[in-house]
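Asker: Please see the structure below; I have some questions.
The values are calculated or read from the model by the stated rules, or taken from the named source; none is laboratory data. What you see is a predicted model, and the numbers here were worked out from it, not measured in a lab. Cβ: placed from backbone, ideal geometry, glycine included. Neighbour counts: every protein chain shown. Calculation scope for accessible area: heavy atoms of the full protein, side chains included, ligands and nucleic acids excluded. Shrake-Rupley method; radii C 1.70, N 1.55, O 1.52, S 1.80 Å.
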Amino acid sequence: MSILNVEHLSHGFGDRAIFGDVSFRLLKGEHIGLVGANGEGKSTFLNIVTGKLQPDEGKIEWAKNVRVGYLDQHTVLEKGMTIQDVLKSAFAYLFELEEKMNTICDSLGDADEEEMMTLMEELGTIQDTLTLHDFYVIDAKVEEVARALGLLDIGLEKDVTDLSGGQRTKVLLAKLLLEKPDILLLDEPTNYLDEEHIAWLKRYLIDYENAFILISHDIPFLNEVINIIYHMENQELNRYVGDYDHFQEVYAVKKAQLEAAYKRQQQEISELKDFVARNKARVSTRNMAMSRQKKLDKMDVIELAAERPKPEFHFKQGRTPGKYIFETKDLVIGYNEPLSKPLTLSMERGHKIALVGANGIGKTTLLKSILGLIKPLSGSVELGENLQIGYFEQESAPDNKTTCIEELWQEFPFYTQYEVRSALAKCGLTTKHIESQVRVLSGGEQAKVRLCKLVNRDTNVLLLDEPTNHLDVDAKEALKSALKEYRGSILLICHEPEFYQDVVNEVWDMSKGGFMQKELNHKVRKCFNEGIYNVARYTEIVLSIIILIVIALAGIRLIFTITEIQIMDMDIDFFTTFLANGLSLVVGVEFVKMLCRHSAQTVVEVLMFATARQMVVEHMKPSQTLIGVIAIAILFAIRKFLMTEDDDMAHAPVKKHADMNKDENVDEKE
């Protein structure tokens, strides 16, 4: 059953067209991902189907009695409202029904019999609706959802204007879930959310029975929760069945086929035009030329859409700073109340650090305190020498009426117009974007403008506050490459491990109370573990050969001992000494491998080789030697059995040991 039908939709802003005759349908149970580059009109599309914007042309038709819940990335929360007020506003229509029910009850005393029957019927319908939507347990429902999203830890009486970006998103998401709409429209819901609550939202959407439309640039998240892709590009909206990875495969094939057809058609057009030009003047061939010309006139010419410029970010390198970028001593951050315990931190030149932690823990406040934008409650911050700091804020000013060109000119007044336009174009902005006001751009385009200002300034330290929010896939990849190439120092707030783990060499995890913990870079740990695993893997063949030789040698010794035969005065002691020393080394290697892999297989291997060494070194009796051979054979069989079950543990990471010192300073021990 179709829940939403959109037909022949066209819309634009001024001379900038967004859609051109597009169609869309939403069926029951579909989980749709709406994807496309920044500025293609994804948020505009949701605003149109929800009635916030009127399209230039087209028809939008919703099924009857469908309640739509819309999470808008630009929703403004009113000052003076608490978190609890916002969450309870999800039941506004139920409170209106209760008021209507009370009015009906008051009028029953003056109603005649016929009116009373009608009013009683309406009263029963309202009562059923209130019961169905859990009206009488609203407080419990609010508390349940608030607990799931971590809002109880913040406090339901806190003013919503004092919340961080992630906390604000959680409040809006909680309100949406409490409304229990039939259809969910989610505009980049993972922006600002921490990893824990992104995982919670992922589980919720996977189990969601009704349909939803999701806008997101978080590809792993998209792949988990959607089964239909609608791709926006060049004023078109195309439908693909499957997840995002499957869409990319189909899209690449479709694009290659279109380019091949275009080349064939251009070749045909060239040949036809050449034939017409050569033969239209001659009487004998004029009819043939006219026939070819008619074919040309009737031909549907294939047009390739202009390639959207991919952003390129190259940060300018400033002069070399001092050894320390900053040092804090007993720093307590916060506003009216402290967000941390006393922090004593330091960052050295060349360090690239990711700052992670739950929403509202104080990550942005820490950056602003280091920069001096917010005065700390106590303690001190000392910045290093010769610093050229580049700071990327989460959001642009909402009332910014300047154009992109004016925005960059204010920062670099000595630039020519050509240099300004070129700088903005390199960051992925088209001419239409460049000449538009910043406030009318999408979130991703606004982020590119701020990044453009940052990359054209000489810096030796970058402080980046969630720079990946709103950015499309190409922009994220370009930014990631630029940060990896950057030779300066970086302090980065980010909730996307797949983005920062290849960029930074340390991770500072801000836990409750302001404790911080350093971790080794994921990439370094991965390489270290793979190195150990490869060494262990390549020794497997050698170890297996040695154990077979030991078993064979033990068997020969057993035969010699029983039969008392001596062949050519063979000196078994020479082989005994050689194998004993070799097995001692092997046992040591296996013991180290056991510590790294923590598997039953390596424990068995240690026992097996230790038994073999004991057989070689000790002069055992025939019965003892026979028992030893049997024991090794049994252990060897157990090892083979465990290899299949333990194979998945082969790349298990080395166990991490991290501890903090008594002063709660940053310390790294692994």
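Asker: Filtering region 408-435 down to residues that are open to solvent by less than 20 Å² (accessible area, probe 1.4 Å) and farther than 21 Å from H217 by Cα, which residue is farthest from the chain's Cα centre (by Cα)?
Answerer: Step by step, filter region 408-435, then rank; the result is F412.
Asker: Between a residue in region 382-395 that is within 16 Å of L483 (Cβ to Cβ) and any residue that is hydrophobic (A, V, I, L, M, F, W, C) and buried (at least 18 other Cβ atoms within 10 Å of the Cβ), which pairs come within a Cβ distance under 6 Å, given they are 6 or more apart or on different chains?
Answerer: So the pair list comes out as I389/V461; G390/L454; G390/L462; Y391/L463; F392/L454; F392/L464.
Asker: Got a sec? Which of I405, I333 is surrounded by fewer than 19 Cβ atoms within 10 Å (Cβ to Cβ) and either among the small types (G, A, S) or over 27 Å from the mean Cα position of the chain (by Cα) (or both)?
Answerer: Only one candidate passes the filter, namely I405.
Asker: Please go through region 190-222 and give me each residue that is at pLDDT 85 or above, open to solvent by less than 10 Å² (accessible area, probe 1.4 Å) and farther than 21 Å from L26 by Cα, ordered by number.
Answerer: L201
Asker: Out of curiosity, is L152 more than 20 Å from R67 (Cα to Cα) and not in a helix (DSSP H, G or I)?
Answerer: Against the criterion (more than 20 Å from R67 (Cα to Cα) and not in a helix (DSSP H, G or I)), L152 does not qualify.
Asker: Considering only region 37-53, how many residues are closer than 16 Å to N5 by Cα, assigned to a helix (DSSP H, G or I) and free of Cβ contacts under 8 Å to residues at least 60 places away in the same chain?
Answerer: 2
Asker: Something else now. Filter region 265-295 down to the residues that are of a type in the set (G, A, S) and open to solvent by 80 Å² or more (accessible area, probe 1.4 Å) and list them by number.
Answerer: Correct list: A281, S284.
Asker: Something else about it: So, in region 1-19, how many residues would count as being at pLDDT below 85 and of a type outside the set (D, E)?
Answerer: 9
Asker: Suppose the filter is open to solvent by less than 40 Å² (accessible area, probe 1.4 Å), closer than 27 Å to T169 by Cα, out of contact with any Asp or Glu (no Cβ under 9 Å at 6 or more places or on another chain) and not β-branched (V, I, T); does L441 pass it?
Answerer: It is true that L441 is open to solvent by less than 40 Å² (accessible area, probe 1.4 Å), closer than 27 Å to T169 by Cα, out of contact with any Asp or Glu (no Cβ under 9 Å at 6 or more places or on another chain) and not β-branched (V, I, T).
Asker: Filter region 365-376 for residues that are touching a Ser or Thr at 6+ places or on another chain (Cβ under 9 Å) and surrounded by fewer than 22 Cβ atoms within 10 Å (Cβ to Cβ); which is nearest to F499 (Cα to Cα)?
Answerer: T365
Let's see how each residue does on (1) small (G, A, S); (2) in a helix (DSSP H, G or I):
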residue	(1), (2)
F247	no, yes
A256	yes, yes
A260	yes, yes
E268	no, yes
R282	no, no
R292	no, yes
L304	no, no
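Asker: Taking the criterion of being modelled with pLDDT of 80 or more, assigned to a helix (DSSP H, G or I) and out of contact with any Gly (no Cβ under 8 Å at 6 or more places or on another chain), would at least one residue in region 180-189 satisfy it?
Answerer: no
Asker: Of everything in region 129-139 that's open to solvent by less than 60 Å² (accessible area, probe 1.4 Å) and either free of Cβ contacts under 8 Å to residues at least 40 places away in the same chain or in contact with a His (Cβ under 6 Å, 6 or more places away or on another chain) (or both), which residue is nearest to I493 (Cα to Cα)?
Answerer: Looking at the filtered set, the residue picked out is D134.
Asker: Taking L483 as the residue in question, decide whether it is under 30 Å from D399 (Cβ atoms), modelled with pLDDT of 90 or more, open to solvent by less than 10 Å² (accessible area, probe 1.4 Å) and not charged (D, E, K, R).
Answerer: No, not satisfied.
Asker: Within region 86-111, how many residues turn out to be touching a helix residue (DSSP H, G or I) at 6+ places or on another chain (Cβ under 8 Å) and either not in a helix (DSSP H, G or I) or not polar (S, T, N, Q) (or both)?
Answerer: Qualifying residue count, region 86-111: 14.
Asker: When you scan region 387-398, do you find a residue that is in a loop (DSSP other than H, G, I, E, B) and in contact with a Ser or Thr (Cβ under 6 Å, 6 or more places away or on another chain), even just one?
Answerer: yes
Asker: So which of S346, S291, S380 is out of contact with any Asp or Glu (no Cβ under 8 Å at 6 or more places or on another chain) and hydroxyl-bearing (S, T, Y)?
Answerer: Every option except S291 fails the conditions.
Asker: Could you tell me whether region 445-466 includes any residue that is closer than 19 Å to Y192 by Cα, among the hydroxyl-bearing types (S, T, Y) and either open to solvent by 20 Å² or more (accessible area, probe 1.4 Å) or outside any helix (DSSP H, G or I) (or both)?
Answerer: no
Asker: Can you find, within region 231-245, the residue that is least open to solvent (accessible area, probe 1.4 Å) among those that are outside any strand (DSSP E or B), on the phi < 0 side of the Ramachandran plot and touching a strand residue (DSSP E or B) at 6+ places or on another chain (Cβ under 9 Å)?
Answerer: My answer is Y244.
Asker: Of the residues that sit in region 297-329 and are open to solvent by 80 Å² or more (accessible area, probe 1.4 Å) and among the acidic types (D, E), which one is farthest from the chain's Cα centre (by Cα)?
Answerer: Selected residue: D297.
Asker: Check whether at least one residue in region 336-350 is crowded, with 17+ Cβ neighbours inside 10 Å, assigned to a strand (DSSP E or B) and more than 28 Å from the chain's Cα centre (by Cα), and report yes or no.
Answerer: Among the residues of region 336-350, at least one is crowded, with 17+ Cβ neighbours inside 10 Å, assigned to a strand (DSSP E or B) and more than 28 Å from the chain's Cα centre (by Cα), which makes the answer yes.
Asker: Among (1) touching a strand residue (DSSP E or B) at 6+ places or on another chain (Cβ under 9 Å); (2) open to solvent by 60 Å² or more (accessible area, probe 1.4 Å); (3) under 30 Å from K64 (Cα atoms), where does E157 come up short?
Answerer: Among (1) touching a strand residue (DSSP E or B) at 6+ places or on another chain (Cβ under 9 Å); (2) open to solvent by 60 Å² or more (accessible area, probe 1.4 Å); (3) under 30 Å from K64 (Cα atoms), the lone unmet condition for E157 is (3).
Asker: Which of (1) at pLDDT 85 or above; (2) over 23 Å from V438 (Cα atoms) is the odd one out, the single condition N65 does not satisfy?
Answerer: For N65, the failing item is (1).
Asker: Follow-up. Return the pair list, or none, for Cβ contacts closer than 7 Å from residues in region 6-31 that are surrounded by fewer than 19 Cβ atoms within 10 Å (Cβ to Cβ) to residues that are of a type in the set (K, R), at least 6 apart or on different chains.
Answerer: E7/K59; H8/K59; R16/K432
Asker: Now, a different point. Would you check which residues across region 317-364 are of a type outside the set (V, I, T), over 17 Å from V381 (Cα atoms) and touching a Pro at 6+ places or on another chain (Cβ under 9 Å) and list them?
Answerer: Across region 317-364, the qualifying residue is only A354.
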